[in-house]
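Input: a single structure, listed below in structure tokens.
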Amino acid sequence: MTQTNQASINGEDSNIVTVKKPENESNLKNESQCTKSSSNIPAVDLGNHGQGMTVDLTKPTIVVGSGPVGVRFVKEFLQRSPLAKVILFGNEVDAPYNRVQLSALLARKVAAESIEYKLPSSSEHPNFKFINANISFIDPVNNEIRDANQRLYSYSQLVLATGASAYRPNLPGMDKTGVFFFRSLKDAEALYARITRSRSLLVVGGGLLGIETAKALRKFSTKITLVHQSSHLMNRQLDHTAASFVQKQLVSLGINVVVSVGIKAIHGQSRVSSVSLHNGESITCDTVV
């Protein structure tokens, strides 16, 4: 692939491409601080079938993943070949949207309509199609994929742009009412509805997404605590000195910051009432993100 697509090809002649998030694209960076890949779709072992493979251009190019990278790929592809056959798959109920703007949406700095992606028009790109469906199986030998409804689609080239999924720690109490994840538009809507009733909220993770979430949730006099198990905030991007400035700013906004300790368990009967830390301390809260 070209530099525009920032892709790595699985095998010299394989026509399955994994599009990676461009690190030098400011509008796409920090889409997620999650590290667990969500591209765990079962696939047939290609073996030696990929050697000398030719691409059948009468079949569509299929892109799995309608996030920032998937949509960007489709637009760049169709800009070069306006009449190309392209199918974009997304697995959320909502239309494709800019995931990196979810924190701003949660803080009500932007409207939901403003973060929706404008997909290629049918008038300019009559062979483009967007389908909302989960992909459950990939058959690279026969160049086919199958969705969760058992429908088969043939492809000439398959692009996986599925991004990452929210990390779900294996902690006692994760099933209690009041535990939320923040990854999708649906998550943002659920969190905003919750914040009107929450009086003490705890955010787990002091990376960029955790910090933005904590700042966005400062509404209705809710007490916010940010817990990060590393020695300093944004430890993947900042050193101790720079992180200390970030922490001071958060504290000045009324956010309590706890570093160098992780969450041990979430407590409560059926609803969240507190969390315990590995250092023996306990923090009262009714919501955990």
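Summary of computed values
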item	result
Matching residues in segment 227-259 - criterion: being exposed (fewer than 12 other Cβ atoms within 10 Å of the Cβ) and part of a loop (DSSP other than H, G, I, E, B)	S231, R236, D239, L253, G254
Options E92, E76, E124: the member that is within 16 Å of the chain's Cα centre (by Cα), in contact (Cβ under 8 Å) with a residue 24 or more places away in the chain and not in a strand (DSSP E or B)	E92
Residue in segment 69-86 that is at pLDDT 90 or above, in contact with a Lys or Arg (Cβ under 8 Å, 6 or more places away or on another chain) and buried (at least 19 other Cβ atoms within 10 Å of the Cβ) present	yes
Scope segment 87-98; condition buried (at least 21 other Cβ atoms within 10 Å of the Cβ) and either of a type in the set (A, V, I, L, M) or more than 24 Å from N149 (Cβ to Cβ) (or both); matching residues	L88
Those residues of segment 142-182 which are of a type in the set (S, T, Y), in a loop (DSSP other than H, G, I, E, B) and surrounded by 18 or more Cβ atoms within 10 Å (Cβ to Cβ), in sequence order	Y155, T162
Within segment 183-209, considering residues that are touching an Asp or Glu at 6+ places or on another chain (Cβ under 7 Å) and over 24 Å from E116 (Cα atoms), the one surrounded by the most Cβ atoms within 10 Å (Cβ to Cβ)	S198
Lone qualifier among A161, A193, A166 - being more than 25 Å from V86 (Cα to Cα) and touching a Phe, Trp or Tyr at 6+ places or on another chain (Cβ under 8 Å)	A166
Those residues of segment 240-280 which are more than 22 Å from G173 (Cα to Cα), under 25 Å from the mean Cα position of the chain (by Cα) and not aliphatic (A, V, I, L, M), in sequence order	Q247
Residue count, segment 117-141 (criterion: surrounded by fewer than 15 Cβ atoms within 10 Å (Cβ to Cβ) and charged (D, E, K, R))	2
Residue check for S184: polar (S, T, N, Q) and on the phi < 0 side of the Ramachandran plot	yes
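The values are calculated or read from the model by the stated rules, or taken from the named source; none is laboratory data. Since the model is a prediction, treat every value here as computed from it, not as a measurement. For neighbour counting, all protein chains shown are included, and Cβ atoms are generated from backbone atoms with ideal geometry for every residue, glycine included.
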